[in-house]
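Engineer: Structure below; questions to follow.
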Amino acid sequence: MKKLVAMIIVLILAVSLCVSLVACEKEKGIVIHVLENDTAKKEGYLDVLLAAFNDKYKDQNVTAVDANMDEYSDLEKDGPYGFGPDVLYQANDILMKYVEGKHILPINIQQLDCYKQVPQNAWDAYKATVDGKTVYCGVPVNVQQPLLYYRKDMLPANWQTEYDKNSNGIPDMVEFWTEMYAYSKNIREQDSSKFGFALNLTNEYFNSGFLFSYGAYVFGDNNTNDKDIGMNVGNAKLGGKIIWDLAGIMDLKCADDSFTNSRTTMLAQGTIFANICTPDITSQFLKELAAEYKKQGLSEAEAVKKANENLVITTLPKLPKDGDITVRQDVTDESLWIAQKTMGGINGYGISSYAKDREWSLKFVEFATSAEMIAKRQEMLGVVPARADVVALSDNEATKITFSNLDDGTLVVMPSISSVRTIWSPISSCFKTIATDGCKDKKFTINDIQSELDKMVQNIKNQLTILQ
């Protein structure tokens with residue numbers, strides 16, 4: 001009898017404790033931990049997003065907060081132990097690497113407000129097969145594509161008469177790679193402390209497009225077959241030689257992160273004329289350029305206005321069909337030129353499988369991908385929206401070009417299969433070898449460049465073997 005009474009007392013205490021814990025949790029409310037990228041945090045967009053969401057749902061006992069984690073935190077390692085975010089913003093290759101281990105949730109995208117506004121090419125970046133079913137594990141936010149950034153006020157005064165041979169109102173040096181090469185080479189010869197075009201040529205994301213333009217690809221079957229690696233096929237070696245040639249108009253900073261780390265400052269100070277970057281860095285370019293104009297005595301408003309007038313963002317220059325950017329060709333003959341393909345990405349939101357509240361995490365994603373918040377993100381960060389309705393309201397030409405390139409295949413979206421993790425280091429190492437020789441020793445022949453591409457593909461295969 002005593003044992004029965006004791007058991008009843010324990011049971012009553014246990015039930016009371018559970019009730020207390022539930023009441024405590026209810027009083028505390030639901031907290032959604034959101035992991036955003038550093039730019040969104042630095043420029044204040046995350047604060048705006050969180051404040052807007054929390055205001056809308058202030059009566060629902062739910063709060064979204066900054067996850068306060070490194071933007072590249074590993075969900076696979078942190079999630080199972082409860083340290084990961086509930087919602088995370090990443091590029092498609094990062095989010096989709098979590099699919100195989102089921103660290104990220106499939107989402108019923110058809111129920112989302114943005115579903116019909118996002119093109120299928122963008123949704124495909126988050127498509128996967130899980131347990132034999134086709135699922136989507138991310139919601140597109142913006143389209144990333146390398147674009148050309150240059151200073152309009154650094155153009156030659158006579159560019160309209162001397163550097164616009166096809167009379168279309170676009171400076172030849174930003175429209176054709178042969179002209180950019182010649183123009184940059186001339187700047188270096190006149191002043192070795194300055195550059196025309198400058199870029200970290202080891203960057204696999206920015207520079208793979210040179211290979212793609214001449215027939216290369218990452219994986220076969222639309223980037224789904226990692227048994228077929230095509231970074232060295234076709235005339236990819238011509239793209240490799242372009243990297244080698246461009247290194248010749250720079251210095252050894254083109255073979256490390258020097259240009260990447262200081263690109264906004266160098267462009268603002270006039271050390272470089274042009275650079276390749278992605279739209280999400282636009283706000284940083286404008287801020288640095290405005291700061292330089294303020295040093296010249298302009299007011300804040302005047303400096304900001306001048307920065308917006310003189311920072312031009314446009315599509316990448318056209319490439320010569322024959323792959324030789326060192327020889328100037330007839331820019332009025334369209335048959336001599338091809339559009340440069342680029343590696344691109346779709347940045348978006350995913351929901352952790354370890355999210356404390358899946359329903360509210362999904363509501364946050366839907367709110368963050370609404371037309372209003374995507375437009376605000378574009379306004380504050382200069383990104384290219386993945387929503388067609390927001391793009392339609394934009395007067396930004398670069399935005400329209402990028403959105404169009406997503407449809408016509410000029411923008412080649414990064415693979416979304418987990419094997420993509422094996423490509424980055426081998427590609428970067430290959431580009432570093434080519435760029436270093438092009439800048440310093442200049443001993444490589446076209447056959448040497450092909451050999452380096454072959455080594456790169458073999459290194460990717462070796463990495464895949466280790467992964468499997």
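Engineer: Is one or more of the residues making up region 375-383 part of a loop (DSSP other than H, G, I, E, B) and either surrounded by 18 or more Cβ atoms within 10 Å (Cβ to Cβ) or touching a residue at least 12 places away in the same chain (Cβ under 8 Å) (or both)?
Structural biologist: Yes: one or more hits.
Engineer: Among the residues in region 130-151, are any part of a loop (DSSP other than H, G, I, E, B), at pLDDT below 95 and either touching a Gly at 6+ places or on another chain (Cβ under 8 Å) or open to solvent by less than 20 Å² (accessible area, probe 1.4 Å) (or both)?
Structural biologist: yes
Engineer: Identify all residues within region 269-318 that are among the aliphatic types (A, V, I, L, M) and free of Cβ contacts under 8 Å to residues at least 12 places away in the same chain; write none if there are none.
Structural biologist: If the condition is that a residue be among the aliphatic types (A, V, I, L, M) and free of Cβ contacts under 8 Å to residues at least 12 places away in the same chain, then LEU298, ALA301 are the ones that fit.
Engineer: Could you tell me which of the residues GLN60, GLN117 is open to solvent by 70 Å² or more (accessible area, probe 1.4 Å) and not aliphatic (A, V, I, L, M)?
Structural biologist: Unique residue meeting the criteria: GLN60.
Engineer: Right, something else. Which numbered condition trips up ALA157, out of (1) aliphatic (A, V, I, L, M); (2) open to solvent by 10 Å² or more (accessible area, probe 1.4 Å); (3) touching a residue at least 12 places away in the same chain (Cβ under 8 Å)?
Structural biologist: The single condition ALA157 does not satisfy is (3).
One line per residue, one yes/no per condition, for (1) more than 30 Å from SER361 (Cβ to Cβ); (2) touching a Ser or Thr at 6+ places or on another chain (Cβ under 9 Å):
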| site | (1), (2) |
| --- | --- |
| THR129 | no, no |
| THR134 | no, no |
| PRO140 | no, yes |
| VAL143 | no, yes |
| ASP153 | yes, no |
| PRO156 | yes, no |
| TRP159 | yes, no |
| TYR163 | yes, no |
| SER167 | yes, yes |
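Engineer: Across region 337-374, what is the number of residues that are open to solvent by less than 40 Å² (accessible area, probe 1.4 Å), among the small types (Gly, Ala, Ser) and assigned to a loop (DSSP other than H, G, I, E, B)?
Structural biologist: 3
Engineer: Oh, and also: Say whether the condition of being at pLDDT below 95, farther than 30 Å from ASP251 by Cβ, open to solvent by 20 Å² or more (accessible area, probe 1.4 Å) and among the hydrophobic types (A, V, I, L, M, F, W, C) is met by at least one residue in region 445-465.
Structural biologist: No: zero hits.
Engineer: Now for a separate question. Being in a loop (DSSP other than H, G, I, E, B) and farther than 15 Å from ASP357 by Cα is the filter here, so list the residues in region 58-76 that pass it.
Structural biologist: LYS58, ASP59, ASN68, MET69, ASP70, GLU71, TYR72, SER73, ASP74
Engineer: Any residue at all in region 220-228 that is over 20 Å from LYS443 (Cβ atoms), charged (D, E, K, R) and buried (at least 19 other Cβ atoms within 10 Å of the Cβ)?
Structural biologist: yes
Engineer: Return the pair list, or none, for Cβ contacts closer than 9 Å from residues in region 25-54 that are farther than 11 Å from VAL65 by Cα and modelled with pLDDT under 95 to residues that are in a strand (DSSP E or B) and not acidic (Asp, Glu), at least 6 apart or on different chains.
Structural biologist: Final answer for the pair search is GLY29/VAL62; GLY29/THR63; ASN37/TYR89; ASN37/GLN90; ASN37/ASN347; ALA40/TYR89.
Engineer: Tell me, which strands (runs of 3 or more DSSP E) lie completely within region 164-282 with 2 or more residues that are farther than 30 Å from ILE460 by Cβ?
Structural biologist: Once the strands (runs of 3 or more DSSP E) in region 164-282 are filtered for at least 2 residues that are farther than 30 Å from ILE460 by Cβ, what remains is 195-197, 272-277.
Engineer: Quick check on TYR81: is it hydroxyl-bearing (Ser, Thr, Tyr), out of contact with any strand residue (DSSP E or B) (no Cβ under 8 Å at 6 or more places or on another chain) and modelled with pLDDT of 95 or more?
Structural biologist: It is false that TYR81 is hydroxyl-bearing (Ser, Thr, Tyr), out of contact with any strand residue (DSSP E or B) (no Cβ under 8 Å at 6 or more places or on another chain) and modelled with pLDDT of 95 or more.
Engineer: If a residue must be surrounded by fewer than 18 Cβ atoms within 10 Å (Cβ to Cβ) and either modelled with pLDDT of 95 or more or small (Gly, Ala, Ser) (or both), how many such residues does region 63-72 contain?
Structural biologist: So the count comes out to 3.
Engineer: Also: Could you tell me whether LYS102 is open to solvent by 40 Å² or more (accessible area, probe 1.4 Å), under 21 Å from PRO415 (Cβ atoms) and touching a Lys or Arg at 6+ places or on another chain (Cβ under 7 Å)?
Structural biologist: Answer is no for this residue.
Engineer: Okay, moving on. Looking only at region 386-411, which residues are farther than 10 Å from VAL118 by Cα, open to solvent by 10 Å² or more (accessible area, probe 1.4 Å) and small (Gly, Ala, Ser)?
Structural biologist: Selection gives ALA392, SER394, SER404, GLY409.
Engineer: Of the conditions (1) exposed (fewer than 15 other Cβ atoms within 10 Å of the Cβ); (2) closer than 30 Å to SER416 by Cβ, ASN168 clears all except one; give me its number.
Structural biologist: Single failed check for ASN168: (2).
Engineer: Hey, another quick one. Here is a list: SER213, SER192. Which entry is among the hydroxyl-bearing types (Ser, Thr, Tyr) and at pLDDT 95 or above?
Structural biologist: Result of the check over SER213, SER192: SER213.
Engineer: Still on this structure, please answer the following. Can you tell me which residue in region 248-269 is least open to solvent (accessible area, probe 1.4 Å), limited to those that are among the β-branched types (Val, Ile, Thr) and over 29 Å from LYS443 (Cβ atoms)?
Structural biologist: Step by step, filter region 248-269, then rank; the result is THR264.
Engineer: Let me ask something else about it. What tally of residues in region 96-109 results from selecting those that are modelled with pLDDT under 95 and part of a helix (DSSP H, G or I)?
Structural biologist: 1
Engineer: Could you tell me whether any residue of region 423-443 is without any contact (Cβ under 8 Å) to a residue 24 or more places away in the chain and open to solvent by 60 Å² or more (accessible area, probe 1.4 Å)?
Structural biologist: Yes, the conditions are met somewhere in region 423-443.
The values are calculated or read from the model by the stated rules, or taken from the named source; none is laboratory data. Just so you know, these numbers come straight off a predicted model, no measurement behind them. Note that each Cβ is placed from the backbone with ideal geometry, even for glycine, and that neighbours are counted across all protein chains shown. Just so you know, the surface numbers come from the protein's heavy atoms only, side chains and all, with ligands and any DNA or RNA stripped out. Shrake-Rupley method; radii C 1.70, N 1.55, O 1.52, S 1.80 Å.
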